[in-house]
Structure formats: structure tokens, C-alpha cells
1. So the check is Cβ under 8 Å with 6+ separation or different chains; which pairs have a first residue in region 176-191 that's in a helix (DSSP H, G or I) and a second one that's basic (Lys, Arg) and surrounded by fewer than 16 Cβ atoms within 10 Å (Cβ to Cβ)?
2. Hey, can you tell me all the residues within region 142-159 that are away from the ligand (no atom under 12 Å from the Cβ) and over 13 Å from Thr115 (Cβ atoms)?
3. Within 22 Å of Ala282 (Cα to Cα), at pLDDT 95 or above and either surrounded by fewer than 18 Cβ atoms within 10 Å (Cβ to Cβ) or more than 12 Å from the chain's Cα centre (by Cα) (or both) - does that describe any residue in region 183-190?
4. Can you name every residue in region 14-34 that is within 14 Å of the ligand (Cβ to nearest atom) and either assigned to a helix (DSSP H, G or I) or touching a residue at least 60 places away in the same chain (Cβ under 8 Å) (or both)?
5. Only one residue in Pro169, Pro181 is within 26 Å of Leu139 (Cα to Cα) and not hydrophobic (A, V, I, L, M, F, W, C), so which one is that?
6. Looking at Lys62, is it within 15 Å of the ligand (Cβ to nearest atom) and not β-branched (Val, Ile, Thr)?
7. Consider region 1-13. How many of its residues are exposed (fewer than 12 other Cβ atoms within 10 Å of the Cβ) and under 21 Å from Pro102 (Cβ atoms)?
8. Taking region 132-169, which residues are among the β-branched types (Val, Ile, Thr) and in contact (Cβ under 8 Å) with a residue 60 or more places away in the chain?
Amino acid sequence: MTAPILRRLADLRALTTEWHRNGDTIGVVPTMGALHQGHLSLVQAAKAGTDRVIVTIFVNPKQFNNPEDLANYPRTESEDAQKLVPYGVDAIYVPDPDEIYPAGFSTTVTVGGLTDMMEGPFRPGHFEGVATVVAKLFLQTQADKAYFGEKDYQQLLVVRRMARDLDIPVEVVGCPTVREPSGLAMSSRNLRLSANGLEIAARKNTLMQAMAKELAAGAPFEPLAEQARDDLLAAGFTEVEYIDLRCAETLEPLPNASRPARLFITAWADGVRLIDNIPIPAA
Ligand code: PAF
């Protein structure tokens with residue numbers, strides 16, 4: 001049986017208030033739907049870490065800076081509910097839009113610093129949209145823990161900082177990226193890749209793994225990044241937006257992996273923007 005689908009905040013509140021009254025902890029997995037194994041791994045982590053699990057599905061218009069991307073975003077609510085059946089989640093919250101952005105809504109949550117780099121300049125307004133909706137989802141679900149994938153690593157750090165700065169009493173838990181057998185990071189946007197696009201896309205991870213080995217052995221980042229840019233274009237990527245090595249904690253740029261780092265690459269293939277990152281242990 002599918003979990004109850006709640007569309008009104010009052011119904012959600014009635015449940016969460018009752019759960020907390022009974023001493024149950026609440027875990028939330030915020031999503032925009034089109035669920036894949038990556039999301040389901042977050043659900044599994046939430047089931048293991050909390051007594052009650054809510055999956056939220058809301059395609060948040062405020063975080064899309066491209067109207068075409070918003071219009072094309074897959075919306076698959078009934079398939080998503082079916083996919084959640086084996087996990088026994090307690091509720092699926094699919095808020096009516098006016099529960100998130102009621103008429104006259106005029107508050108935006110901005111996280112400084114962490115959003116000035118990488119995804120920030122390429123997607124103006126994106127992180128404000130994410131921080132605003134996630135702040136609302138944290139407050140609406142009254143979650144004790146919230147689960148986010150490391151695939152969107154910058155998002156994970158932004159959300160964690162937002163919760164800390166606003167004193168929202170939720171622990172933000174990061175979970176490892178789930179990959180296809182080809183190494184391609186799972187993403188709802190992969191649905192838009194052709195067979196050829198999928199092949200090209202998978203080459204990015206192979207290249208990142210090779211870079212990771214060299215970085216972990218102490219190689220300087222800049223020459224590796226230059227070579228990687230050429231290799232990606234030769235492999236069929238049409239545009240490389242950024243290749244960055246950054247401190248895993250603060251996201252400051254690093255010349256080499258002298259401390260725990262993440263390697264980030266964002267590039268376009270087959271008309272789809274593909275983001276990915278991997279951990280690099282300190283050399
Ligand atoms: O990662 C996502 O799917 C979205 O950015 C999130 C966290 C659900 C907010 O809309």
C-alpha cells in the first residue's frame with residue numbers, strides 16, 4: 001500500500017505533532033520527485049536513523065533560473081509513490097503550491113559566501129530558491145533529521161549552514177552519491193539523455209577517478225584541470241562550465257589535495273547539464 005499523500009500543511013502538522021508527542025523522531029527526505037535509486041538510498045538512511053520518515057515532493061519554481069528546465073522537469077507522482085512502497089515511509093508530502101508560496105509571499109533566504117562560487121554564478125537565484133524552500137520544508141515537517149545527497153555537495157553545505165544560522169533544530173545528514181554501473185551519478189536529469197549521451201556522460205566519472213588518483217598522490221591541480229577540460233571536449237561534452245578542487249569543509253579553492261578536498265566538474269552533454277563531485281583524501 002502506498003503511504004498517505006498529504007497536500008495540506010494542516011494535515012501534515014496533525015501527524016507530526018502526534019509523532020513528536022509519542023516521542024518519535026522524524027526524518028525528512030526533500031525531493032522534487034522523479035525518484036531514483038539515489039533518492040531511495042536517502043530514504044533508507046532516514047528509515048535507519050529516525051522513527052518516522054516523510055518524503056517531500058515539490059518541484060520548486062524558485063530554484064529554476066531557466067523556464068525551459070522547469071517546464072521539462074519530470075513529474076511522476078504516482079510512480080514515485082509506488083517506488084516508495086517497499087520502504088514503508090510514513091507520509092509523502094506533496095504540498096499544494098500555496099502551502100509553500102501563499103499569495104503575497106515575500107521572504108527569501110540568502111546564504112552568503114558558500115553560494116558565491118561554482119553553481120552560484122552559473123545559476124543566479126538558484127540557492128536562494130533552494131534555501132527558501134528547504135527552510136520552509138524543515139519548519140513544516142518539524143523534522144529532527146534531514147537527508148541530502150552528496151551529489152549536490154554545494155547544496156548540502158548551503159542547507160546545513162542555513163539551518164545552523166537560523167537555529168532550525170534539524171540535523172542535516174549527507175549521504176554518498178549513488179552511481180549507475182557506468183559510474184554516472186544518478187540524477188533525475190539523466191532521463192533526458194539519449195543512449196549516446198549516456199555513454200558520453202559516463203566518461204566524466206572515469207576521468208574524475210583518474211584525476212583523483214593523481215591528486216591523492218600529491219599532483220598539482222591546475223595542469224590536471226587543463227588536461228581534463230580538453231579530454232571532456234574530446235569525449236563529446238559540448239561545454240565545460242567549471243572544474244574545481246575545493247576544501248571539503250569550506251569550499252575554498254585548493255592548489256592541491258593537501259587537506260581533505262572535493263573535485264567538482266560541471267559540463268554539458270547531449271543538451272543536459274551534468275554536475276558531479278568526488279572526495280579526494282588528503283595527499
Ligand atoms: O535536491 C533537490 O532535489 C532540491 O534542490 C531540493 C533539496 C528538494 C529543494 O527543492
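The values are calculated or read from the model by the stated rules, or taken from the named source; none is laboratory data. Keep in mind that this is a model prediction, so the values were computed, not measured. So basically every Cβ, Gly included, is an ideal-geometry build from the backbone, and we count neighbours across all protein chains shown.
1. Matching pairs, first to second residue: none at all.
2. Gln142, Ala143, Asp144, Lys145
3. So far as region 183-190 goes, no, none of its residues is within 22 Å of Ala282 (Cα to Cα), at pLDDT 95 or above and either surrounded by fewer than 18 Cβ atoms within 10 Å (Cβ to Cβ) or more than 12 Å from the chain's Cα centre (by Cα) (or both).
4. Val28, Val29, Pro30, Met32, Gly33, Ala34
5. Working: Pro181 fails: within 26 Å of Leu139 (Cα to Cα).
After applying the criteria, what remains is Pro169.
6. On the way: within 15 Å of the ligand (Cβ to nearest atom): yes; not β-branched (Val, Ile, Thr): yes.
Against the criterion (within 15 Å of the ligand (Cβ to nearest atom) and not β-branched (Val, Ile, Thr)), Lys62 qualifies.
7. Quick first cut of region 1-13, residues exposed (fewer than 12 other Cβ atoms within 10 Å of the Cβ) only: 1, 10.
Adding the requirement that they be under 21 Å from Pro102 (Cβ atoms) leaves 10.
So the answer is 1.
8. Listed by number, the residues that qualify are Thr132, Val133, Val134, Thr141.
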